[in-house]
1. Could you count how many residues in segment 82-101 are closer than 17 Å to residue 53 by Cα, in a strand (DSSP E or B) and more than 8 Å from ligand 3 (Cβ to nearest atom)?
2. Taking segment 24-38 only, how many residues are touching a Leu at 6+ places or on another chain (Cβ under 6 Å) and more than 14 Å from ligand 1 (Cβ to nearest atom)?
3. Would you mention how many residues in segment 75-86 are among the charged types (D, E, K, R) and at pLDDT 95 or above?
4. What is the number of the single condition among (1) farther than 17 Å from residue 76 by Cβ; (2) modelled with pLDDT of 95 or more; (3) surrounded by fewer than 16 Cβ atoms within 10 Å (Cβ to Cβ) that residue 60 does not meet?
5. So is residue 23 closer than 30 Å to residue 80 by Cβ and surrounded by fewer than 13 Cβ atoms within 10 Å (Cβ to Cβ) or not?
6. Condition (residue is part of a helix (DSSP H, G or I) and more than 16 Å from ligand 2 (Cβ to nearest atom)) applied to segment 58-81: is it met by at least one residue?
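The values are calculated or read from the model by the stated rules, or taken from the named source; none is laboratory data. Note that the structure is predicted; figures quoted are calculated from it, not measured. Note that each Cβ is placed from the backbone with ideal geometry, even for glycine, and that neighbours are counted across all protein chains shown.
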Amino acid sequence: MSEILTCSVCGCELDDDFYEAEDKVLCEECYYNETFRCEDCGERFFNNHNYGDDNICLSEACRNEDYYVCTRCERLVYTDDVYWSGDDPYCSDCYEDEDGS
Ligand SMILES: [Zn+2]
Ligand SMILES: [Zn+2]
Ligand SMILES: [Zn+2]
């Protein structure tokens with residue numbers, strides 16, 4: 001007995017090579033058009049769950065866990081690359097600027 005899988009986005013029938021994102025099955029086309037790869041954990045999520053910015057794609061959980069927003073330029077900065085000025089997180093560029101002047 002085998003169930004017929006259908007793409008959770010477009011509803012087309014899927015054969016053996018289906019794709020997955022967020023526990024849903026997708027056809028190849030929807031997988032590439034509708035999902036992104038989180039840069040942090042490498043898993044696929046739907047595009048409307050992208051909590052990254054122009055430079056990086058992130059899932060909500062990874063962003064909350066591992067990224068800070070630079071106080072000055074509002075870019076996302078990976079936790080290991082954050083520079084702190086008191087309680088304020090900065091990216092390396094902005095931190096140097098703040099520091100230098
Ligand atoms: Zn599809
Ligand atoms: Zn992630
Ligand atoms: Zn910055």
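1. Number of matching residues: 1.
2. Total satisfying the criteria: 1.
3. Restricting attention to segment 75-86, the residues satisfying the condition of being among the charged types (D, E, K, R) are 75, 80-81.
Filter once more, keeping what is at pLDDT 95 or above: 80-81.
Residues meeting the conditions: 2.
4. (1)
5. Taking the combined requirement at face value, the residue satisfies it.
6. Yes, because at least one residue in segment 58-81 is part of a helix (DSSP H, G or I) and more than 16 Å from ligand 2 (Cβ to nearest atom).
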